[in-house]
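Visitor: Please find one structure pasted underneath; my questions will follow.
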Amino acid sequence: PHDKLDDAAYAMVIKAIDSDAEKDESNRKMLKEGLAALGSEFAASSENDRVAALKKMESSAFFQAMRLKTVQVLYATPMAYVFFGYEGEAFSKGGYLQRGFNDLRWLPEVPLEDGGPMPVGS
């Protein structure tokens, strides 16, 4: 988790997980079993204990499903975009080169003949 990311972003993940469980019995069963395996004291446990419990089950279908859904939902929210400074896809805005992202000073210069076609208007 990201300590300073608004809890509402994580609530969107929970909403998506709940929605999936509502639609699919096998998903609901996996969720119930996975939560039961964590135990009723999981949320109140120390961070070290929570990490240890999760490490024990990280190869399980439950853990992998929760991880995947979290990545899919959390990082696709406008809240996360703002938090991480992501300005969205660039194609509809003229591409990255036309928006000030052509200042890659940390890369070596590429000879023009090896650089491929240049964008129109450069």
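Here, each number is a calculation from the coordinates, and none is a lab measurement. The model shown is predicted, which means the values in this text are computed figures rather than measured ones. Please note: Cβ atoms are built from the backbone with ideal geometry, for glycine as well, and neighbour counts cover all protein chains shown.
Visitor: How far is helix 7-23 tilted off the main Cα axis of the chain, in degrees rounded to 10, range 0 to 90?
Guide: The helix 7-23 is inclined about 60 degrees to the chain.
Visitor: In degrees from 0 to 90, rounded to the nearest 10, what is the angle of the helix 47-56 Cα long axis to the longest principal axis of the chain?
Guide: The angle comes out near 90 degrees.
Visitor: In addition: Which one, 70, 35, 88, is farthest towards the positive end of the dipole of the chain when Lys and Arg carry +1 and Asp and Glu -1 on their Cβ?
Guide: Positive-end residue among those listed: 35.
Visitor: Lysines near residue 23 by alpha-carbon distance under 17 Å, same-chain residues fewer than 8 away left out - which ones?
Guide: Candidates past the 8-residue exclusion: 15, 32, 69.
Visitor: To continue, here is another question. If the elastic network links every pair of Cα atoms under 10 Å, which of 47, 22, 33 fluctuates the most in the Gaussian network model of the chain?
Guide: 47
Visitor: Hand me the chymotrypsin sites (Phe, Trp or Tyr not before Pro) from the range 1-110 located in a DSSP loop with no more than 15 other Cβ atoms within 10 Å, in residue order please.
Guide: Here the sparse-neighbourhood loop sites are 42, 75, 86, 96, 101, 106.
Visitor: Moving on. Give the angle, between 0 and 90 degrees and rounded to the nearest 10, that separates the Cα long axis of helix 25-38 from the longest principal axis of the Cα atoms of the chain.
Guide: Tilt relative to the chain: about 80 degrees.
Visitor: Out of these labelled values of Rg and Dmax of the Cα atoms in Å, [x] 15.3, 45; [y] 27.8, 91; [z] 21.2, 63, which was calculated from the coordinates shown here?
Guide: Step by step, Rg and Dmax of the Cα atoms in Å for this structure corresponds to label [z].
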